[in-house]
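Asker: My structure is below; once you've seen it, I'll send some questions.
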Amino acid sequence: MSSVIEVETKIAVSNLSEIADRLLSLGATDLGGSVQQDTYLNAPHCDYARTDEALRVRETECGTEITYKGPKTQASGLKARKEITLSVASAQDAIALLTATGFFVSAVVRKERNEYQYGGTTISLDNVEGLGTYMEIEVLTDADVSAANTKIESVKKELNISGAHIPESYLELLLAKG
């Protein structure tokens, strides 16, 4: 199990392959791609949409993990939140255990993700089913959210990425879309 603060920006982009080429030309490390299925659960004791929390079971070809995400805080326009993640053997078993204890599935988000390491950040290029294409720049930190924000803004500038920061999660964007 790990607990960290995730600081990120999400930006809608139109051409993932252009950004991937730019990253590689700048010396980014290609971490590979995956298809991810994220099953979000809501709590019987409170509505996570109202408390701005999330409980996710993520399934990829490489394995399955459960992640709790605490409420978001806005830091210099970016999003920061506490994350606790643990690996599990089976998405189906994890979902069965959680639903047996009162949690319920609220939505499923599917995406194709290609990840890169660059300038102390992890960059995800996502094609999200039902939403479109996005870029996320993320830094995980123990406590220094300000330094993480500075690093993200620096990488964004180096990559010549413009566009408004989207504070909503993919789940929130899908639910808002109806």
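The values are calculated or read from the model by the stated rules, or taken from the named source; none is laboratory data. The shown structure was predicted, so the numbers you read here are calculated from the model rather than taken from an experiment. Here the Cβ positions follow ideal geometry from the backbone for every residue, glycine too, while neighbour counts run over all protein chains shown.
Asker: Do you know which residues across region 117-142 are of a type outside the set (Ser, Thr, Tyr) and either without any contact (Cβ under 8 Å) to a residue 12 or more places away in the chain or farther than 16 Å from Lys79 by Cβ (or both)? Let's see the steps before the verdict.
Answerer: Step one: list which residues in region 117-142 are of a type outside the set (Ser, Thr, Tyr), which gives 117, 119-120, 123, 125-132, 135-140, 142.
Selection gives Gln117, Gly119, Gly120, Leu125, Asn127, Val128, Glu129, Gly130, Leu131, Gly132, Asp142.
Asker: Hey, another quick one. Looking at the structure I just gave you, is Ile95 surrounded by 15 or more Cβ atoms within 10 Å (Cβ to Cβ) and part of a helix (DSSP H, G or I)? Before the answer, list the steps.
Answerer: On the way: surrounded by 15 or more Cβ atoms within 10 Å (Cβ to Cβ): yes; part of a helix (DSSP H, G or I): yes.
Judged against the criteria, Ile95 is a match.
Asker: Which fully enclosed strands (runs of 3 or more DSSP E) of region 102-178 have 2 or more residues being surrounded by 18 or more Cβ atoms within 10 Å (Cβ to Cβ), at pLDDT 90 or above and acidic (Asp, Glu)? First the steps, then the outcome.
Answerer: Numbers: elements: 104-118, 121-128, 132-141.
Hits in region 102-178: 132-141.
Asker: Going through Leu78, Leu98 one at a time, which residue ends up being of a type outside the set (Phe, Trp, Tyr) and touching a His at 6+ places or on another chain (Cβ under 7 Å)?
Answerer: Numbers: Leu98 fails: touching a His at 6+ places or on another chain (Cβ under 7 Å).
Answer to the check: Leu78.
Asker: Among the residues of region 80-96, is there at least one that is modelled with pLDDT under 95, touching a helix residue (DSSP H, G or I) at 6+ places or on another chain (Cβ under 9 Å) and under 15 Å from Leu55 (Cα atoms)?
Answerer: no
Asker: Cβ-Cβ below 9 Å, separation at least six or inter-chain, first residue in region 157-178 and touching a residue at least 12 places away in the same chain (Cβ under 8 Å) and charged (D, E, K, R), second in a loop (DSSP other than H, G, I, E, B) and surrounded by fewer than 13 Cβ atoms within 10 Å (Cβ to Cβ): which pairs?
Answerer: Lys177/Gly130
Asker: A further question follows. Would you check if Arg81 is over 12 Å from Thr39 (Cα atoms) and within 14 Å of the chain's Cα centre (by Cα)? Talk me through it step by step, then tell me what you get.
Answerer: On the way: over 12 Å from Thr39 (Cα atoms): yes; within 14 Å of the chain's Cα centre (by Cα): yes.
Yes: the conditions hold for Arg81.
Asker: Just name the residue that is surrounded by the most Cβ atoms within 10 Å (Cβ to Cβ) out of those in region 11-42 that are small (Gly, Ala, Ser) and in a helix (DSSP H, G or I). First the steps, then the outcome.
Answerer: At the first step, the residues of region 11-42 found to be small (Gly, Ala, Ser) are 12, 14, 17, 20, 25, 27-28, 32-34.
Now narrow it down to the ones that are in a helix (DSSP H, G or I): 17, 20, 25.
Working: Ser17: 9, Ala20: 18, Ser25: 8.
For region 11-42, the residue satisfying everything is Ala20.
Asker: A further question follows. On the basis of being of a type in the set (Phe, Trp, Tyr) and farther than 18 Å from Lys111 by Cβ, does Tyr40 make the cut? It would help to see each step written out before you state the result.
Answerer: Working: of a type in the set (Phe, Trp, Tyr): yes; farther than 18 Å from Lys111 by Cβ: no.
No: the conditions fail for Tyr40.
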